[in-house]
Amino acid sequence: MTKIHYMIAALALVCCSYVGAADEAAVSAAQSPQPIAKVYFTRDLSPEGLLKVYNKVNADITGKVAIKWHSGEPKGPNILPIPMVKALQSSIPNSTLVETNTLYPGERDTTEKHRATLKVNGWTFCPVDIMDENGTTLLPIKGGKHFKEMSMGKNILNYDSMVVLTHFKGHAHGGFGGSIKNIAIGCADGKIGKDWVHGLHGKKVEGNPYPAMKAHLMEHMVESAMATVGRFGKHITFLNVMRNMSVDCDCAGTSAERPTARDIGILASTDIVAIDQACLDLLDKLPADEKRDLQERISSREGEHQLEYGEQMGLGSRKYELIEVK
């Protein structure tokens, strides 16, 4: 073998070694454990309990703050207690409760009727911003499979941070309503965004018109939630209150089914997927006769696909550490 042949062979060996090392590094990176989200939990279902866990996750809540909550249909029996919501809002400087109008006909499908419902339900202790009152805006969805953008209430652009305060319960179409549902449907404007999420394609809304989309609806909700999370980045945090957990959403109003599961507590996290996953896991620990109704609602709508798809799309992680706050 000539000197040139030796040089070529040596160079090939070096290149193979380099590629092999690079491949090993890539495999090692892929196999390295993903960061485990932190979810804080308290059994204290009081305003004080809510503030205790909120203070664990509020480091990046700055500037003008939107508190996204569910205003509920008139006299809904399961909506969040006014003292709890009031305590949170009054503790956050420069904060406003925010909502959007509904797509379905009812007492919140116009701003005028929605504001009348706010008075009936007692949401009068601070200003409430109906975010689609002044029109809509399109927020981008990075990497979306179904949507590249989502139509939202225009006033969402007026805020620097968002606190997502969610009454965790069942949902007629989503299976369950956690933080993902709260911003996915709740920040979408009443006439365009909600139509897109529900896959109606402009069909007239009468009675119960929503198609049984199941997994597709879950994916639509995840991508809509991605638009809001993308808008605020690290300046968004999530609170789920597990009380009065009917199989029905607060949009069912006085017709909501009576809860059969006991109250559990309040959770807080900066990871939207982790907090909803933790709620499902806590629900699963209840006695069979208590969890049956809600779990049947979730499984019959393929509700858990929200979390599968959310993790797949990088919205958050299903792996978490539950940290109890006394």
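Just so you know, all these numbers are worked out from the coordinates, no wet-lab data involved. Values in this document were obtained by computation on a predicted structure and should not be read as measured data. All Cβ positions, even for glycine, are placed from backbone atoms using ideal geometry, and neighbour counts span all protein chains on display.
Near residue 38, which lysines are there with a Cα under 19 Å away, not counting those fewer than 8 places off in the same chain?
52, 56, 234, 319, 326
Please list, ordered by chain and number, the residues whose modelled amide H lies under 5 Å from the amide H of residue 265; skip anything fewer than 5 residues away on the same chain.
242
Return the equivalent ellipsoid semi-axes of the stretch 118-204 as a descending list in whole Å, where each equals the square root of 5 times an eigenvalue of the C-alpha gyration tensor.
Equivalent ellipsoid semi-axes, largest first: 22, 17, 14 Å.
For the chain, what does -39500 (n - 2.57) per DSSP helix run (n ≥ 4), summed and divided by total residues, give at 222 nm, in deg cm²/dmol to the nearest 500? Please report the intermediate quantities before stating the final value.
On the way: 10 runs with 122 residues, N = 326.
Taking each H run of at least 4 residues, the total per residue is -11500 deg cm²/dmol.
Taking H placed 1.01 Å from N in the peptide plane, check which residues at least 5 places from residue 323 or on another chain put their amide H under 5 Å from its amide H.
39, 40, 41
For the chain, compute Rh as the Kirkwood radius over C-alpha pairs and then the Stokes-Einstein diffusion coefficient at 25 °C and 0.890 mPa s; write the answer in µm²/s, rounded to an integer.
118
For the stretch 71-141, report the translational diffusion coefficient in µm²/s to the nearest whole number, using Stokes-Einstein at 25 °C, 0.890 mPa s, and a Kirkwood Rh over Cα pairs.
D = 186 µm²/s.
Quick one: 3J(HN,Hα) in Hz for the stretch 66-78, Karplus 6.51/-1.76/1.60 with θ = phi - 60°, rounded, Gly and Pro as x.
Going residue by residue, I get 9, 9, 8, 9, 9, 6, x, 6, x, 6, x, x, 10 Hz, with x marking Gly and Pro.
Amide H neighbours of residue 169 under 5 Å, at least 5 residues apart or on other chains, H built in the peptide plane: list them.
Close amide H contacts, sequence-distant or interchain: 177.
Using θ = phi - 60° and the Karplus curve 6.51 cos²θ - 1.76 cosθ + 1.60, what whole-Hz ³J(HN,Hα) does each residue of the stretch 117-129 get, with Gly and Pro shown as x?
Per-residue couplings from phi come out as 5, 4, 5, 4, 8, x, 8, 10, 7, 7, x, 10, 9 Hz.
Does anything in the stretch 243-281 have its amide N under 18 Å from the 7 Å Cα→Cβ label point of residue 323, and if so which residues?
So the set is 266-279.
From the backbone phi of the stretch 43-58, what are the Karplus-calculated ³J(HN,Hα) couplings (6.51 cos²θ - 1.76 cosθ + 1.60, θ = phi - 60°) in whole Hz, Gly and Pro given as x?
Those phi angles translate into 8, 7, 8, 10, x, 5, x, 4, 5, 4, 7, 4, 5, 7, 10, 9 Hz.
Based on the mean of other beta carbon atoms within 10 Å per residue, what is the order of 148-154, 256-262, most packed first? Walk me through the numbers on the way to the answer.
Details: 148-154: 21.3, 256-262: 16.9.
Averaged packing, sorted descending, gives the order 148-154, 256-262.
Around residue 273, what is the net charge, scoring Lys/Arg as +1 and Asp/Glu as -1 over all other residues with Cβ under 10 Å from its Cβ?
Local net charge: -2.
Any aspartates and glutamates with Cα under 20 Å of the residue 64 Cα? List them, leaving off those in the same chain fewer than 8 positions away.
List returned: 99, 129, 132, 133, 160.
Of all alpha-carbon pairs in the stretch 187-326, indicate the percentage at a distance above 22 angstrom.
45
Take 73, 308 and order them by how many other Cβ atoms sit within 10 Å, fewest up front.
Taking fewest neighbouring Cβ atoms as first place, the list is 308, 73.
Report, ordered by chain and residue number, the aspartates and glutamates lying within cross-link reach of residue 119, taken as a straight Cα distance under 13 Å and ignoring same-chain residues fewer than 8 apart.
Within the straight-line cut-off, residue 119 pairs with 73, 107.
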